[in-house]
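Engineer: I have a structure here, written as structure tokens, and I will follow up with some questions on it.
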2 protein chains.
Amino acid sequence: MDDDDLRRGKPTNHVVFGEAEAILAGDGLLSFAFELMTHPDIRRAASGEDLVRIIHLVARAIGPTGMVGGQSLDLAAEGREIPYEQLRLIHRCKTGALITASVQAGAVFAGTDQERFAALSKYGESIGLAFQIVDDLLDVEGSTEDLGKTAGADVERKKATYPAFFGVERTRSMARDAVAAALAALADFDERAEPLRALARYIYDRKK
Amino acid sequence: MDDDDLRRGKPTNHVVFGEAEAILAGDGLLSFAFELMTHPDIRRAASGEDLVRIIHLVARAIGPTGMVGGQSLDLAAEGREIPYEQLRLIHRCKTGALITASVQAGAVFAGTDQERFAALSKYGESIGLAFQIVDDLLDVEGSTEDLGKTAGADVERKKATYPAFFGVERTRSMARDAVAAALAALADFDERAEPLRALARYIYDRKK
């Protein structure tokens, strides 16, 4: 949708296979996700009730109130000045919701109580925010080679981004804050949460 | 994807809202279907195991081996000569699979046994086939006003269709046969299957 020719260093789908096939690839993978989540092998590993709850969380995070809705708001905002609150909403829907849902899915699988579910949700939201802030930073500071997509594309298209609102320094400290919030949400978890903590740190340190 | 300006008598989404929003509307509705199928109200009405099975049937009917796969095969066949078996495969995926899955979903909800599930599947496949054959016929015989989409578009684009393979008369009799097969599949069902029978007849009689 940003019509970029590169993604992860490779030519984008619509450039190689044409627009119709690219749209179908999206629709096909989207459906296939639900096919996979309900595969007999998965059904043997979780109760029907848990699976249905997970599917609901994931579907909601993708659809009109999640990633797709966020992308639509993002398109509507292009080339216009929007308040920071709107940028936050766009990010919460566009990237935050699905990252959060993926953490919540694990929580449901593990049978956590409400309190831990809330803590893990908070962790998911925080790394989602951190991911987006760092993404904006990388667009300003990264190279096309490292990123695997065209660097500077956001500035080029006058997109509302964290650096555009707050400058690079303040943005970097906001990313740190978001990672700190993610780690704080895990305060009551033992060493089994270490991979989640490592993931939060990785999001801050990543170069692409 | 056929780039038609009209659908059901109204301007198509991409004509009114642009291509990006039209793609997102598709993605959003696709996700929303799964959000709806797992809504708490639905969860109260069916067991988790049944719901998961239904979601699997529906997802498979939409995805790479269903509607989306069929559409992709259809695009690949455009402007080329394909054997009739390929046309059948395209239709089975593109329209047949989802119609069949919608009948199967009802069967799972109702808790039917394997034999009846198979009979209802056969019914679904047969009305799916009838629907597609009649669709091809209407493109040749219907008016743009009745159809709500551009009549003659298939011929214009040299699409492989039943009339193109078999001529109009033979195609009409194939539609009749498909409806008869659908009704035969319901032979052991009592009067509660009357709406399904009426649906099969309607598909043959419809003018749009």
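Taken together, the values in this text are just the output of simple stated rules run on the coordinates, not laboratory data. What you are looking at is a predicted structure, and each value in this text was computed from that prediction instead of being measured. Positions of Cβ are backbone-derived with ideal geometry, glycine not excepted, and every protein chain shown enters the neighbour counts.
Engineer: Consider segment B:15-25. How many of its residues are crowded, with 16+ Cβ neighbours inside 10 Å and farther than 17 Å from A:Asp2 by Cα?
Structural biologist: Looking only at that region, the number is 0.
Engineer: If you don't mind, another one. Go through segment B:17-53 and count every residue that is closer than 20 Å to A:Asp27 by Cβ and of a type in the set (Val, Ile, Thr).
Structural biologist: 2
Yes or no, residue by residue, for (1) of a type in the set (Val, Ile, Thr); (2) within 16 Å of A:Gly96 (Cα to Cα); (3) in a helix (DSSP H, G or I):
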position: A:Gly167; (1), (2), (3): no, no, yes
position: A:Arg170; (1), (2), (3): no, no, yes
position: A:Val179; (1), (2), (3): yes, yes, yes
position: A:Asp188; (1), (2), (3): no, no, no
position: A:Glu194; (1), (2), (3): no, no, yes
position: A:Arg197; (1), (2), (3): no, no, yes
position: A:Ala200; (1), (2), (3): no, yes, yes
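Engineer: Follow-up. Quick check: is even one residue across segment B:30-49 under 19 Å from B:Asp135 (Cβ atoms) and polar (S, T, N, Q)? Full working, then the answer.
Structural biologist: Taking segment B:30-49 as the starting set, the residues that turn out to be under 19 Å from B:Asp135 (Cβ atoms) are none.
No - not one qualifying residue is present in segment B:30-49.
Engineer: For segment B:93-120, name all the residues that are among the charged types (D, E, K, R) and either touching a His at 6+ places or on another chain (Cβ under 7 Å) or part of a helix (DSSP H, G or I) (or both).
Structural biologist: Passing the criteria: B:Lys94, B:Glu115, B:Arg116.
Engineer: From A:Gly28, A:Gly48, grab the single residue that is within 25 Å of B:Asp41 (Cα to Cα), crowded, with 18+ Cβ neighbours inside 10 Å, over 19 Å from the mean Cα position of the chain (by Cα) and at the interface with chain B (Cβ under 7 Å from one of its Cβ atoms).
Structural biologist: It is A:Gly48.
Engineer: For segment B:87-97, check the following and say yes or no: at least one residue is of a type in the set (Lys, Arg) and within 26 Å of A:Arg44 (Cα to Cα).
Structural biologist: no
Engineer: Within segment B:57-94, track down each residue that is farther than 16 Å from A:Leu24 by Cβ and of a type in the set (Val, Ile, Thr).
Structural biologist: Answer for segment B:57-94, where residues must be farther than 16 Å from A:Leu24 by Cβ and of a type in the set (Val, Ile, Thr): B:Val58, B:Ile82.
Engineer: Taking segment A:53-86, which residues are of a type in the set (A, V, I, L, M, F, W, C) and out of contact with any helix residue (DSSP H, G or I) (no Cβ under 7 Å at 6 or more places or on another chain)?
Structural biologist: Of everything in segment A:53-86, those that are of a type in the set (A, V, I, L, M, F, W, C) and out of contact with any helix residue (DSSP H, G or I) (no Cβ under 7 Å at 6 or more places or on another chain) turn out to be A:Ala76, A:Ile82.
Engineer: Tally time: how many residues in segment A:1-37 are touching a helix residue (DSSP H, G or I) at 6+ places or on another chain (Cβ under 6 Å) and within 25 Å of A:Lys208 (Cα to Cα)?
Structural biologist: Summing the residues that are touching a helix residue (DSSP H, G or I) at 6+ places or on another chain (Cβ under 6 Å) and within 25 Å of A:Lys208 (Cα to Cα) in segment A:1-37 gives 7.
Engineer: Out of all the residues in segment A:59-76, is one or more of a type in the set (D, E, K, R), facing chain B (nearest Cβ under 7 Å), over 20 Å from the mean Cα position of the chain (by Cα) and crowded, with 19+ Cβ neighbours inside 10 Å?
Structural biologist: No, every residue in segment A:59-76 fails to be of a type in the set (D, E, K, R), facing chain B (nearest Cβ under 7 Å), over 20 Å from the mean Cα position of the chain (by Cα) and crowded, with 19+ Cβ neighbours inside 10 Å.
Engineer: For segment A:1-60, give me the residue count where each residue is farther than 20 Å from B:Phe32 by Cα and among the charged types (D, E, K, R).
Structural biologist: Final tally of qualifying residues: 12.
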